[in-house]
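Worksheet: one structure, shown below.
The values are calculated or read from the model by the stated rules, or taken from the named source; none is laboratory data. In this text, all values refer to a predicted model and were calculated from it rather than measured experimentally. Because the Cβ atoms are built from the backbone with ideal geometry, glycine has one as well, and the counts that use them run over all protein chains shown.
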């Protein structure tokens, strides 16, 4: 009974997939915050290298993965695709459940898929320092390691609530050689202003982005690096879905009826689902893609589709996206990686066009699903991933009632080894149900 | 440039390898603590099932892995074998360095290789509860998960110092459904006596073993389960070395000149090295096997070879082993899994016969090696594994000086994701150098 498909490293995809080439309508462009005109590449060059700016604006379907990036991908890719035999049995469901597990990355999440090429393209253009923000700490850890690979320095602003409650993430970033500050900090003008405006705040991704962008703009050798939201990040993450397609074929399985991914900024959901949407758009499949949001930050299910800033201080371009408002501060749920006010423009556009659907999940339901998953499949999933698992469990239980042989694919974006206090909170019965 | 060999799950070995069949002289038998006569199977039946007792005494070369155990092994095995290209480059060494990485197991260490069959054989004989001790928490987590797989309950006595300093490990065990107590505890007679004898003690593996053995003896449905030291544990761990042999062949590499493994109770060192010792004993290779001990618990390099108890209270059989004395309490080094007074009888015997060699490593050297490894190979190794890496780095640096093209294999027994406070201690410069 086949449990997993782990492809040889020679089968790491050679190209990323860019869904822009296949969308029925073009996604609305980002706007300059001052002129409200569509952004030009020059507008972005203060904070991004041209290699990434080109990807951000590209409509090419396939973009080649540089060999030095593939060489680093070989450290953990292809990630395994599992058939969840034990979970199916625990649920008594006739559904066939598969999960693509990104937690095998050395930092424990899918984020390394984008931090490596981001550091690489910056290095090519002579940048020696990257700045970024991090929520749960997964993106910060991923960028810290990527900078280490290319001999660059790395400054991370970690959302203060996460900085306090997730000390292991900070230690992980420092082990990889990064400098880490809680945000909002005293180190930037934006941080100082935010501390004055929101005294004692636990911070937010929007605030931390403001600080990291400011630090990059002020350093001629520095660039800013974003772990989600932007087109080039969703592009890099497409490697997840591309591998999953090949692995389902190795399993001898049909294309899934349903695909569940957690969605905060949107990079994981886009990464696993866009290659499957391509199959839908080409008429080869009819996979229902479901974005699983936290009820505490429900941008798709309760937000507005409009131009908004990516950060709190209003330093970024205006992005057309589902948003709860740039100064929205979500409840302090454990899934720090999903606590974002907006949603990737490409995911937002696909949702607006009816190509994907969305649900929201409260955190107790998410962790109940995570514990069932851990006790059957052995892997303790990341807090974020639990939202996707919860969505899939709803579907699997429906299948139990109807007797349908549904094929369900879950994107498990990371490992929960560093989220164990959240599990302890759930098991102790003290978890708030936001 | 090939980075790793990850074999398909169909290539998980079908049999464990028992080195007893190939040793030039038979290992001295365990003795009954009362009579000082060799133990009979009956003597052990109060705490172990017959399936494991048979393995403990077996001289068969190959012992079949039951299919239900192999099915669970498929969740993470075969574990990858890596060529450490980036580490070699960082060291400027002409040595070719490989490492077998057990941290991909869902609990993050090699311990699951033995906890799964141990729970399985107990379940077969109707035992419904397992008791055990844990130092760093790796074994406790592995047994917690294994019990969950077979519907058994699990009680873990975690060395108090580790219980206090490694809360994530306790949370991990509880997520898998186990009950965890700090040791020495008030729950057992042995624990209460030890608390009186050593007030305020941070505990030791020897003390925790006394408590777990007592609890098993008193429960007719209970068994005791040990994560290292015993023959059946080293047998189960042989899967590591068997896979590594096949993977080196896939790399087109010759058998290694040197093999480094960390050694506490000896299960990881035995697991990776015994299949290579078989090649030595058959005259097909001349691999130098090096046990890497912590200087804080140097049983092989500074202990005596004699019969001694496995635990502090004197409840276990007498084992012929290198020992620092059953009431030795090691310094509070971070590598909790290596803080044991004795060494597996089979490893001790092989060392006494000159089949393997040993070195000791202080913890600053170990963590310096760990940080170099993390920053080049991306994986943050377990505190224990850092001792093996330190040993290998000594050899690789020698090779740099002499220009020798040595082939070095390292057993990286686990992930350091839950050991990050130890890395933070090292990076802050506050680590004691025991």
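Going through A:68, A:94 one at a time, which residue ends up being more than 19 Å from residue A:379 (Cβ to Cβ), modelled with pLDDT of 95 or more and away from chain B (no Cβ under 14 Å)? When all the criteria are applied, what remains is A:94. Report yes if some residue within region A:128-138 is surrounded by fewer than 24 Cβ atoms within 10 Å (Cβ to Cβ), touching a residue at least 60 places away in the same chain (Cβ under 8 Å) and not in a loop (DSSP other than H, G, I, E, B); otherwise report no. So far as region A:128-138 goes, yes, one or more of its residues are surrounded by fewer than 24 Cβ atoms within 10 Å (Cβ to Cβ), touching a residue at least 60 places away in the same chain (Cβ under 8 Å) and not in a loop (DSSP other than H, G, I, E, B). Going by the structure shown, is residue A:420 over 29 Å from residue A:282 (Cα atoms) and within 19 Å of the chain's Cα centre (by Cα)? In short, no. Screening region A:257-302 for residues that are more than 22 Å from residue A:329 (Cβ to Cβ) and in a strand (DSSP E or B) and picking the one that is nearest to the chain's Cα centre (by Cα) gives A:261.
Of all residues in region A:26-40, those that are more than 24 Å from the chain's Cα centre (by Cα) and either free of Cβ contacts under 8 Å to residues at least 24 places away in the same chain or surrounded by fewer than 11 Cβ atoms within 10 Å (Cβ to Cβ) (or both) total 6.
Looking only at residues in region A:1-22 that are surrounded by 18 or more Cβ atoms within 10 Å (Cβ to Cβ) and more than 14 Å from every other protein chain (Cβ to nearest Cβ), the one that is farthest from residue A:272 (Cα to Cα) is A:20. For region A:81-88, the criterion of being part of a strand (DSSP E or B) and more than 21 Å from the chain's Cα centre (by Cα) is met by at least one residue. What number of residues in region B:64-80 are assigned to a helix (DSSP H, G or I) and within 30 Å of residue B:217 (Cβ to Cβ)? Result for region B:64-80: 3. Of B:141, B:146, B:119, all but one fail to be buried (at least 22 other Cβ atoms within 10 Å of the Cβ), farther than 25 Å from residue B:335 by Cβ and under 20 Å from the mean Cα position of the chain (by Cα); the exception is B:119. Kindly indicate whether residue B:347 is crowded, with 24+ Cβ neighbours inside 10 Å and under 21 Å from residue B:91 (Cα atoms). No, not satisfied. Selection of region B:163-177 for residues being surrounded by fewer than 21 Cβ atoms within 10 Å (Cβ to Cβ) and touching a strand residue (DSSP E or B) at 6+ places or on another chain (Cβ under 8 Å) yields B:164, B:174, B:177. The criterion of being within 21 Å of the chain's Cα centre (by Cα) and modelled with pLDDT of 95 or more holds for residue B:173. Considered as a group, the residues in region B:150-162 that are surrounded by fewer than 24 Cβ atoms within 10 Å (Cβ to Cβ) and part of a helix (DSSP H, G or I) include one that is modelled with the lowest pLDDT, and that residue is B:161. Within region B:44-63, identify whether any single residue is out of contact with any helix residue (DSSP H, G or I) (no Cβ under 7 Å at 6 or more places or on another chain) and either over 18 Å from residue B:231 (Cβ atoms) or assigned to a strand (DSSP E or B) (or both), and answer yes or no. Within region B:44-63 (the criterion being out of contact with any helix residue (DSSP H, G or I) (no Cβ under 7 Å at 6 or more places or on another chain) and either over 18 Å from residue B:231 (Cβ atoms) or assigned to a strand (DSSP E or B) (or both)), the answer is yes, since at least one residue qualifies. Mind listing just one residue for me: the one in region B:296-327 that is farther than 26 Å from residue B:18 by Cβ and touching a residue at least 60 places away in the same chain (Cβ under 8 Å) and, of those, surrounded by the fewest Cβ atoms within 10 Å (Cβ to Cβ)? Per the stated criteria, the residue is B:314.
I'm told residue B:180 meets every condition in (1) surrounded by fewer than 24 Cβ atoms within 10 Å (Cβ to Cβ); (2) more than 13 Å from chain A (Cβ to nearest Cβ) except one. Can you identify the failing condition by its number? The failed condition is (2).
Set side by side, the residues A:376, A:383, A:360 differ, and just one is touching a residue at least 40 places away in the same chain (Cβ under 8 Å) and in contact with a strand residue (DSSP E or B) (Cβ under 7 Å, 6 or more places away or on another chain), which is A:360. Across region A:163-177, which residue is nearest to residue B:419 (Cα to Cα) among those that are assigned to a loop (DSSP other than H, G, I, E, B) and at the interface with chain B (Cβ under 10 Å from one of its Cβ atoms)? Residue satisfying both the conditions and the ranking: A:176. Look at residue B:248 and say whether it is within 19 Å of the chain's Cα centre (by Cα) and under 26 Å from residue B:108 (Cβ atoms). Taking the combined requirement at face value, the residue does not satisfy it. Residue selection: residue A:223 satisfies the criterion of being within 20 Å of residue A:121 (Cβ to Cβ), touching a strand residue (DSSP E or B) at 6+ places or on another chain (Cβ under 7 Å) and either within 13 Å of chain B (Cβ to nearest Cβ) or modelled with pLDDT of 95 or more (or both). Residue count for region B:197-215 satisfying the condition of being closer than 17 Å to residue B:118 by Cβ and modelled with pLDDT of 95 or more: 2. Does residue A:293 satisfy being in contact (Cβ under 8 Å) with a residue 12 or more places away in the chain and over 25 Å from residue A:257 (Cα atoms)? Taking the combined requirement at face value, the residue does not satisfy it.
Go through (1) within 30 Å of residue B:75 (Cα to Cα); (2) touching a strand residue (DSSP E or B) at 6+ places or on another chain (Cβ under 7 Å); (3) within 14 Å of another protein chain (Cβ to nearest Cβ) and name the single condition residue A:119 misses. Status for residue A:119: all satisfied but (1).
Residues in region B:97-116 that are within 15 Å of the chain's Cα centre (by Cα) and assigned to a helix (DSSP H, G or I) were compared, and the one that is farthest from the other protein chains (Cβ to nearest Cβ) is B:114.
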